[in-house]
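Asks: There's a structure below that I have some questions on.
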Amino acid sequence: MGFIVKLKPADRTWGVEYAIRDIVETSKLAKEQGKDLIYLNIGDPVKYGFKTPKYLIEAVYKAMLENRNYYSESVGIPEAIEAIKDYAEKKGIKPVDIFISHGASEAIEFAIAALIDVGENIVLPCPCYPLYQAIVSKLGLEPRFYYLDEENNWEPNLASIEAVIDKNTRAIVIINPNNPTGAIYSKKVLLDIVEIARKYNLVILSDEIYDQFVLDAGVEHISIASLAKDVPVITFNGLSKCYFAPGWRIGWGIISGPKDILEDYIEAIHKLARARLCAPHPLQYAVPVALNNENGYMKKVLPELRKRRDLLVEGLNNIPYIKCVHPQGAFYAFPSLELPKNLTDLEFVKGLIMEEGVVVVHGSGFGQKPGTKHFRVIFLPEEKILEVALDRMGRYIKKIVK
Ligand code: PLP
């Protein structure tokens, strides 16, 4: 006789949600019903026609032809590590160690898994890119949340950080430039976060995967590690966004701070890296080529993206019941919704998909201040597509909010 009861998944999967992909189910339904869909939910530039630079593809192809198809060093090939070191130094970081991973996602998971035990906690932003909650839930850790202030260009609310820290807090996460808000943090706020980390002995985990997506003149992206020589920081980055190769799954972590206190932690991360053998080997040969070039492609993309951002944000702010803070970086905006009390942002998003075919992600999938409602929208598509999407959003919200 075979199994007679339905398999019960492990409890650790309960808290694992990925709102960005979850909404895909509703889109599938809308598509089956013949809706013409506009996808404004995917944080993947390549899906919107931005191309992986040819010279990166050639570097990988060459490595494959040279039969570099065996496992690499667990922490990555020396050529790539050297290039990451140079890049980090240009940003004012003094790396103590660098490891290459399956996307920044795996580096983030290593950094958390190697540091925090069950019974301890980590401080995450609210709203937050859902990967962090998924990792924390999988590891059975306790997430604590600090707010990003919409009224203050979505900068971290420092009082709310201090309010959730206790003796079991081990790390604080910042995402800069931010997903889902598009904010780029000021030097002042970064220095204040360093001060808090110093005061409570926290490791700073700084996700900088969008560091070159800086859209406004006069705004500079600052790596927090460059301001925190005496505080342990892991800075995450990779090829997914700024080098237009998300499907390659190449990311990295740069560890900086006082060497003597970091030794055991670094070894713990290396152990996790060894246990999964290596990140995709031939793909790592794209890293030195990517980082040692000027990233001219990005220079062409930014003015175009700026136009798309301006069109979207202005359009959103012209729709009644929607308000959008100006995003300075990445390719996301996180507008707020003024909806009737009994209508959630998830219901709004599902309705928008089913009735108008515009796919965005509900704010509750990222977390938000109680009582507020939002959605996340990307501005990667061409202007004429964004214009149609804006028309449809305006039509839908006017219909449901009376
Ligand atoms: N961190 C943030 C803030 C992201 O938005 C994403 C992807 O959307 C990632 C990490 C994942 O990066 P990777 O593709 O390198 O795993």
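Asks: List every residue whose amide H lies under 5 Å from the amide H of residue 120, counting only residues 5 or more places away in sequence or on a different chain, with H placed 1.01 Å from N in the peptide plane.
Replies: 142
Asks: Once the principal axes of the Cα atoms of the stretch 146-219 are found, what is the range along each, listed largest first in whole angstroms?
Replies: 40, 24, 20
Asks: Over the stretch 177-238, what is the mean sequence separation of C-alpha contacts under 8 Å (at least six apart), divided by residue count, expressed as relative contact order in percent?
Replies: Here the relative contact order equals 42 percent.
Asks: Please give me the summed charge of the neighbours of residue 59: other residues whose Cβ is under 12 Å from its Cβ, Lys and Arg +1, Asp and Glu -1.
Replies: 0
Asks: Can I ask one more? Can you tell me the length gained on complete extension of the stretch residue 201 to residue 275, counting 0.36 nm per residue apart and subtracting the Cα distance?
Replies: Length gained, residue 201 through residue 275: 23.8 nm.
Asks: Next question. Helix 296-317: angle to the longest alpha-carbon principal axis of the chain, degrees 0 to 90, nearest 10?
Replies: So the helix axis and the longest Cα principal axis differ by about 30 degrees.
Asks: Suppose every K and R has +1 on its Cβ and every D and E has -1 on its Cβ; what is the size of the dipole of the stretch 207-327 about the Cα centre, in Debye to the nearest 20?
Replies: 520 debye
Asks: Could I ask something else about it? Rounded to the nearest 0.05, what FRET efficiency is calculated for residue 230 and residue 28 with R0 set to 60 Å and r the Cβ-Cβ distance?
Replies: About 0.75, to the nearest 0.05.
Asks: Can you work out the Karplus-derived ³J(HN,Hα) for every residue in the stretch 369-386? Use 6.51 cos²θ - 1.76 cosθ + 1.60 with θ = phi - 60°, whole Hz, and x for glycine or proline.
Replies: Using θ = phi - 60°, the values come out as 4, x, x, 9, 9, 9, 9, 9, 9, 9, 10, 7, x, 4, 4, 5, 6, 4 Hz.
Asks: Cross-link partners among lysines for residue 85, C-alpha distance below 20 Å, same-chain residues fewer than 8 apart left out?
Replies: 94, 229, 241, 259
Asks: Moving to a separate point now. Taking loop as defined by DSSP and a crowding limit of 16 other beta carbons within 10 Å, which trypsin sites (Lys or Arg not before Pro) in the stretch 139-205 fit?
Replies: Passing sites in the stretch 139-205 are 167.
Asks: On a straight-distance basis, which lysines could pair with residue 399 in a cross-link, Cα separation under 22 angstrom, same-chain partners fewer than 8 positions away excluded?
Replies: Qualifying lysines at Cα under 22 Å: 31, 35, 323, 341, 350, 373.
Asks: If packing is taken as the average number of other Cβ atoms within 10 Å across a peptide's residues, how do 121-129, 272-280 rank, most packed first?
Replies: Per-residue mean Cβ counts within 10 Å order the peptides as 121-129, 272-280.
Asks: Further question on the same structure: What number comes out for the charge environment of residue 177, summing +1 per Lys or Arg and -1 per Asp or Glu over other residues with Cβ under 10 Å away?
Replies: Net local charge, residue 177 excluded: -2.
Asks: Less than 18 Å apart at the alpha-carbon level, and either on another chain or at least 8 residues along: which lysines does that give for residue 307?
Replies: 299, 384
Asks: A follow-up question, please. I need the GluC sites (Glu not before Pro) found in the stretch 147-229, filtered to DSSP loop residues with at most 13 other beta carbons within 10 Å of theirs.
Replies: Taking the stretch 147-229 and a limit of 13 other Cβ atoms within 10 Å, the loop GluC sites (Glu not before Pro) found are 220.
Asks: Also, quick follow-up: By the scheme Lys and Arg +1, Asp and Glu -1, what is the net charge of all other residues having a beta-carbon under 12 Å from that of residue 303?
Replies: +3
Asks: Just need the relative contact order of the stretch 1-142 here, percent rounded to a whole number, with Cα pairs under 8 Å and 6+ apart.
Replies: Answer for the stretch 1-142 is 36 percent.
Asks: Now for a different question. Looking at the stretch 302-381, which GluC sites (Glu not before Pro) are in a loop (DSSP not H, G, I, E or B) and have at most 13 other Cβ atoms within 10 Å?
Replies: Here the sparse-neighbourhood loop sites are 338.
Asks: Would you mind getting the accessible area per residue of the chain, heavy atoms of the protein chains only, 1.4 Å probe, in Å²?
Replies: Per residue, the chain has 45 Å² of solvent-accessible surface.
Asks: Another question, then. Treat the stretch 54-160 as a sphere of radius equal to its Kirkwood radius over Cα pairs and apply Stokes-Einstein at 37 °C in a medium of 0.692 mPa s; give the translational diffusion coefficient in µm²/s, rounded to a whole number.
Replies: Approximately 193 µm²/s, per Stokes-Einstein.
Asks: Please give the per residue volume of the convex hull enclosing the alpha carbon atoms of the chain, rounded to a whole number of Å³.
Replies: 176 Å³
Asks: Could you go through the stretch 39-49 in sequence order and give the Karplus-derived ³J(HN,Hα) for each residue, using 6.51 cos²θ - 1.76 cosθ + 1.60 with θ = phi - 60°, rounded to whole Hz, and x for Gly and Pro?
Replies: Once θ is set to phi - 60°, the couplings for the stretch 39-49 become 8, 10, 10, 9, x, 10, x, 5, 5, 10, x Hz.
Asks: Have a look at 157, 69, 41 and tell me which one the Gaussian network model of the chain (Cα, springs below 10 Å) gives the largest fluctuation.
Replies: The residue that fluctuates most here is 69.
Asks: Expressed as a whole percentage, what fraction of the accessible surface of the chain belongs to carbon and sulfur atoms when a 1.4 Å probe is rolled over the protein heavy atoms?
Replies: Looking at the chain in its full context, I get 55 percent from C and S.
Asks: Just from its helices, what would the mean residue ellipticity at 222 nm be for the chain, if runs of 4 or more DSSP H residues each count -39500 (n - 2.57) and the sum is divided by every residue, rounded to the nearest 500 deg cm²/dmol?
Replies: -11500 deg cm²/dmol
Asks: While we're here: Compare 111, 59, 333 in a GNM of the chain, Cα atoms joined below 10 Å, and give the one with the largest fluctuation.
Replies: 59
Asks: Counting alpha carbon pairs within less than 8 Å and at least 6 residues apart, what relative contact order, in whole percent, applies to the chain?
Replies: In percent, rounded to a whole number, it is 25.
The values are calculated or read from the model by the stated rules, or taken from the named source; none is laboratory data. None of these values were measured; they are calculated from a predicted model. Cβ: placed from backbone, ideal geometry, glycine included. Neighbour counts: every protein chain shown. Areas reflect the complete protein model, heavy atoms only, side chains present, ligands, DNA and RNA absent. Shrake-Rupley method; radii C 1.70, N 1.55, O 1.52, S 1.80 Å.
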